[in-house]
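Below you'll find the structure, written out as structure tokens, and then a few comments.
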There are 2 protein chains.
Amino acid sequence: MKLYNYFRSSASFRVRIALNLKGLPYEYVPIHIARGEHKQAAWSEQLPEGLVPTLELGDGTRLTQSMAIMEYLDETQAGAKLLPTDALGRARVRALSQIVACEIHPINNLRVLKYLVNELKVGEEPKNDWYRHWVRVGLEAFEKQLAAGPSGRFCHGDTPTMADCCLVPQIFNGQRFKADFSGLPRTMAAFEACMALDAFQKAQPSACPDAEA
Amino acid sequence: MKLYNYFRSSASFRVRIALNLKGLPYEYVPIHIARGEHKQAAWSEQLPEGLVPTLELGDGTRLTQSMAIMEYLDETQAGAKLLPTDALGRARVRALSQIVACEIHPINNLRVLKYLVNELKVGEEPKNDWYRHWVRVGLEAFEKQLAAGPSGRFCHGDTPTMADCCLVPQIFNGQRFKADFSGLPRTMAAFEACMALDAFQKAQPSACPDAEA
């Protein structure tokens, strides 16, 4: 399998963790999003929607959208399970994942921040406040969802799930913008538990072949 | 089952369609999001995260996040299937759903538009341009994803799936802001096919008990 991705992309980071948790080797194909490489003609065949991550299977089939990719890997590949075996557990793990992937990350990704700055002429500080605001609102909902469900070392139980694959990149991203993580004990405990694992460590931006300072 | 929802909420609309497609009766509990009812103490038990839609099951368990709710309904309830039986088909339907639920809707929902206006002092026209921009970018990706896969009357094949449940509310929402739907033949054909069905007609905002002009 080939993963078209970018070291700093949160959504790519989620899939790197999932591949590592399942013990699946993959070819890392770097695309420099910040330089706009994903929109260049050279990549238009591999990335028709101009999105990373894109996962290319052995037969050339290409999958997009990080949560869809993780669910596909979990359904078709051996290795650690990223989703629980019970329907209510799966609903909770998906809801936690979607708090990050639908409530926080989309509002703060690079193209949105660029639109704020370039089109709406929003200054550096208000832009950073915007970023931190959505991280905070989203993680407070995440913490409530964690507190309402069964306890465990990770987001759902004692093994990492798709929810942890989504949470960790969001925390990394938030740290770059100095988001406020106070008063989120269960969320941050899950983050720490994840970071003690090789699968998460090896997927982090600074460990990627295309990492920059 | 009880569905806490708001007639104009896109994410609520998705779940209403899914419930109708599966033929599941439910109690409609209206929450007036535009008036901020979801944040009021009176609803803090039912809506701890302050989000609609929330689906309450017979035993009081509450589920959040529209895609997680739809997958739960599909896994546990009889009726029409909202996801295909093959893993690649499921990956495609989830990716299409996520183009709407992760790439378009979050950037344009009410709280984000309010932040633009109230905090960043963005004017009415630039706000509407913002809205239309993200709908257009997202639907172009949606159209490419449709064109790259198997054809059919709906987004994936000849029966509606979760992808159609996500697409239709986004088109309704975009119509309110006069978004540009030109040059999206497969997307709009799927929308038309959906709107010929009772399940979609009966879920639309104007058909809700809390509908306003």
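The values are calculated or read from the model by the stated rules, or taken from the named source; none is laboratory data. All of these numbers come straight from a predicted model, not from anything done at the bench. Cβ atoms come from the backbone with ideal geometry, glycine included; neighbour counts cover every protein chain shown. Only protein heavy atoms, including side chains, enter the accessible area calculation; ligands, DNA and RNA are left aside. Shrake-Rupley method; radii C 1.70, N 1.55, O 1.52, S 1.80 Å.
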Report summary line: (1) over 14 Å from the mean Cα position of the chain (by Cα); (2) β-branched (Val, Ile, Thr); (3) open to solvent by less than 30 Å² (accessible area, probe 1.4 Å) all hold for residue B:69 apart from (1)
Requested in this report: Have a look at B:157, B:152 and point out the one that is open to solvent by 10 Å² or more (accessible area, probe 1.4 Å), within 15 Å of residue B:193 (Cβ to Cβ) and touching a residue at least 60 places away in the same chain (Cβ under 8 Å).
Outcome: B:157
Query raised in the report: If you take the residues in the range A:15-65 that are farther than 20 Å from residue B:146 by Cβ and of a type in the set (S, T, N, Q), which one is most open to solvent (accessible area, probe 1.4 Å)?
Result: A:40
Report task. Would you tally the residues in the range B:72-84 being buried (at least 16 other Cβ atoms within 10 Å of the Cβ) and farther than 18 Å from residue A:92 by Cα? Result -> 3
Query raised in the report: Can you spot a residue in the range A:121-138 that is under 16 Å from the mean Cα position of the chain (by Cα), among the β-branched types (Val, Ile, Thr), open to solvent by less than 10 Å² (accessible area, probe 1.4 Å) and in the same structural domain as residue A:11 (by TED's automatic domain parsing)?
Result: no
Query - Near pairs, Cβ below 6 angstrom, 6+ apart or cross-chain, from the range A:123-149 (under 19 Å from residue A:101 (Cβ atoms) and more than 9 Å from chain B (Cβ to nearest Cβ)) to any residue that is outside any helix (DSSP H, G or I) and of a type outside the set (A, V, I, L, M, F, W, C) - result: A:136/A:180
Query raised in the report: Out of the range B:139-149, which residues are open to solvent by 30 Å² or more (accessible area, probe 1.4 Å) and of a type in the set (Gly, Ala, Ser)?
Result: B:147, B:148
Requested in this report: Only residues that are open to solvent by 20 Å² or more (accessible area, probe 1.4 Å) and touching a strand residue (DSSP E or B) at 6+ places or on another chain (Cβ under 9 Å): list them for the range B:85-120, please.
Outcome: B:88, B:92
Report task. Answer yes if at least one residue in the range A:9-32 is within 11 Å of chain B (Cβ to nearest Cβ), in contact (Cβ under 8 Å) with a residue 40 or more places away in the chain and under 20 Å from residue A:168 (Cα atoms), and no otherwise. Result -> yes
Report summary line: Output for Cβ contacts, cut-off 8 Å, separation at least six or different chains, first residue within 22 Å of residue B:35 (Cβ to Cβ) and at the interface with chain A (Cβ under 7 Å from one of its Cβ atoms) in the range B:52-76, second open to solvent by 20 Å² or more (accessible area, probe 1.4 Å) and outside any loop (DSSP other than H, G, I, E, B), reads B:64/A:145
Report task. Write out, first by first residue and then by second, each pair whose Cβ atoms fall under 6 Å of each other, whose residues are 6+ apart or on separate chains, and whose first residue, in the range A:171-191, is under 16 Å from residue A:14 (Cα atoms) while the second is open to solvent by less than 60 Å² (accessible area, probe 1.4 Å) and assigned to a loop (DSSP other than H, G, I, E, B). Result -> A:190/A:154; A:190/A:155
**Report entry** Flag for residue A:120 being under 18 Å from residue B:129 (Cα atoms), assigned to a helix (DSSP H, G or I) and at the interface with another protein chain (Cβ under 10 Å from one of its Cβ atoms)
**Finding:** no
